[in-house]
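Visitor: Structure provided below as structure tokens; questions to follow.
All of the numbers you see were taken from the coordinates with simple rules; none came from a lab. Everything numeric here is computed off the predicted structure, so don't read it as measured data. Counting neighbours? That spans all protein chains shown, and the Cβs are built from the backbone with ideal geometry, glycine included.
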Amino acid sequence: MPNFNIKGSDSVNSRLGGLCTLVVTVVTLAYAVVKFEQMWKHHNPIMSTYEKNIDPDTVMNLTEDKFRIAFSVEDYSKPRNLKKSPEFVRWHFRIKGEKDGEGYEKVLPYHKCTEEDYAEFYPIEPK
């Protein structure tokens, strides 16, 4: 391949090129700093977990344990509006597993939470 050179130099430096490089570098660095700050301050949506180790042979009744779970899809911008249009959000709740060597799947019923449903949840822990 032929070498690129102008008047014996293999690169061309200009003030405009240096300024453009500086601007691109500063913008990239500023973006990285903002994203790192958001990650550090846990700015992303709330994620909750519930873990309980049980023996596979144990039968567990989640109703007796007063286990409750709720989901929502909201706007990221403020005010956070609930997104519930069936054009964009569809809910499917299933339990999949294996019993006696055969796989199974059970579709679970669901409904929109009422004030009585919310009252059954454990209180939210302050951060």
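Visitor: Say R0 is 41 Å: what FRET efficiency, to the nearest 0.05, do Val23 and Val73 get from their beta-carbon distance?
Guide: With a Förster radius of 41 Å, E is 0.65.
Visitor: Further question on the same structure: At 0.36 nm per residue, minus the direct Cα-Cα distance, what do Ala119 and Ser11 gain on full extension? Give it in nm, one decimal, please.
Guide: Once the chain is fully extended between Ala119 and Ser11, it gains 31.9 nm.
Visitor: OK, next. Using the count of nearby Cβ atoms within 10 Å as a rough guide to exposure, how do Arg15, Arg80, Arg68 rank from fewest to most?
Guide: Arg15, Arg80, Arg68
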